[in-house]
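For reference, the structure I am asking about is given below.
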């Protein structure tokens with residue numbers, strides 16, 4: 001198997017496994033307010049998140065950034081919690097251009113935090129005899145992006161079903177899903193204390 005497929009599959013696995021639930025939960029709360037008609041906005045949000053994730057992995061892989069893993073893991077959960085709360089407080093309100101830019105910047109920033117959480121693992125994967133770390137990082141990132149597109153597609157389909165067939169209003173759907181995510185996060189936040 002070529003190196004491309006190894007790192008590409010690692011990127012996919014990073015998102016689509018039960019241990020990567022935090023990544024999936026963040027994607028859910030990031031895009032739950034959108035539909036297939038909003039595909040451009042969703043693409044911008046997910047790409048900003050991936051860019052931040054890649055940037056922090058790049059900096060950590062080349063030793064420019066070092067962080068305490070337990071602190072970063074805690075803040076990953078905090079970013080998901082903040083996004084879920086944001087959804088609850090803004091559910092049913094119109095999205096203007098300023099709000100869209102704030103969300104893109106938030107997705108980029110949160111991507112940086114999420115990337116830092118995985119930096120140690122990625123660094124150990126590429127440390128074993130690989131001089132050029134940039135190509136594996138790009139292959140890994142491509143795998144992440146493909147996996148995120150799969151998650152986004154599934155979330156948009158589920159949203160469509162609940163809002164169309166089960167007649168959930170958009171506002172109620174956003175609030176229910178965001179509340180469920182908060183319910184999942186609270187025990188994790190308590191367990192992930194770093195103090």
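Could you list, in sequence order, the residues of segment 75-114 that are buried (at least 19 other Cβ atoms within 10 Å of the Cβ) and more than 18 Å from residue 52 (Cβ to Cβ)?
84, 87, 91
For segment 1-21, which residues satisfy the criterion of being within 30 Å of residue 163 (Cβ to Cβ) and at pLDDT 90 or above?
12, 16
Does residue 91 satisfy the criteria of being more than 13 Å from the chain's Cα centre (by Cα) and within 23 Å of residue 40 (Cα to Cα)?
yes
Okay, next question. Go through segment 154-185 and give me each residue that's out of contact with any helix residue (DSSP H, G or I) (no Cβ under 8 Å at 6 or more places or on another chain) and surrounded by fewer than 13 Cβ atoms within 10 Å (Cβ to Cβ).
157, 161, 164, 165, 166, 167, 183
Taking segment 57-82 on its own, how many of its residues are within 17 Å of the chain's Cα centre (by Cα) and without any contact (Cβ under 8 Å) to a residue 60 or more places away in the chain?
Residues flagged as within 17 Å of the chain's Cα centre (by Cα) and without any contact (Cβ under 8 Å) to a residue 60 or more places away in the chain within segment 57-82 amount to 5.
So, one more: Could you check residue 120 against (1) under 19 Å from residue 178 (Cβ atoms); (2) touching a helix residue (DSSP H, G or I) at 6+ places or on another chain (Cβ under 7 Å) and say which number it fails?
Every listed condition holds for residue 120 apart from (1).
Note down all Cβ pairs under 7 Å where the first residue falls in segment 149-174 and is at negative phi, the second is surrounded by fewer than 16 Cβ atoms within 10 Å (Cβ to Cβ) and in a loop (DSSP other than H, G, I, E, B), and they're at least six residues apart or on different chains.
156/35; 159/35; 160/35; 170/92; 171/92
The values are calculated or read from the model by the stated rules, or taken from the named source; none is laboratory data. What you see is a predicted model, and the numbers here were worked out from it, not measured in a lab. Because the Cβ atoms are built from the backbone with ideal geometry, glycine has one as well, and the counts that use them run over all protein chains shown.
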